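To start, the structure itself, in structure tokens.
The values are calculated or read from the model by the stated rules, or taken from the named source; none is laboratory data. This one's a predicted model, so the numbers in the text were calculated from it and none came from an experiment. Note that we place each Cβ from the backbone using ideal geometry, even for glycine, and neighbour counts take in every protein chain shown.
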Amino acid sequence: MGNDGLPLYPQVYRPQGPTKMDQKEFQSAQPSPPMPVQAMLLGPENTMTVCQFCRASIKTAVRYTTTARTHTAAALWGILCCLCCVPYAANSAKNSDHYCPNCQRYLGTYVK
Ligand SMILES: [Zn+2]
């Protein structure tokens, strides 16, 4: 009496190990936060954008870096007429590295 037809099974044993392992694997399988695609928004000059790190609306600080092409051009110029300083003076053969003036983080590079 008092039994509504339910079998009186003992409490089901649930192993904890595999469950915890599954949770851990699931968490570690989460992808790292994707990098925002900002390269296409960055131009050769200072660019208005929103910093992906500090979320501030900023105008990027640009630092020009010489590329292999710059050195090649310098070598050619040096051979031709010893004006190796000409390509270094022009920014046309340099990449533009954009930095956030607010948090000083590197945002991306505009490649010529
Ligand atoms: Zn920033």
Item to check | Candidates Thr72, Thr60, Thr67, filtered to the one that is surrounded by 13 or more Cβ atoms within 10 Å (Cβ to Cβ), modelled with pLDDT under 95 and at negative phi | outcome: Thr67
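Is it the case, given these coordinates, that Gln38 is modelled with pLDDT under 70 and within 19 Å of the chain's Cα centre (by Cα)?
On the way: modelled with pLDDT under 70: yes; within 19 Å of the chain's Cα centre (by Cα): yes.
Yes.
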Checklist outcome for this item: Of (1) at pLDDT 60 or above; (2) assigned to a loop (DSSP other than H, G, I, E, B), Gln30 fails just (1)
Next on the checklist: Need pairs with beta-carbon distance below 8 Å; first residue of a type outside the set (A, V, I, L, M, F, W, C) and within the range 53-81, second modelled with pLDDT under 70; sequence gap 6+ or separate chains.
Outcome noted: Tyr64/Asn91; Thr66/Tyr88; Thr70/Pro87; Thr70/Tyr88; Gly78/Cys84
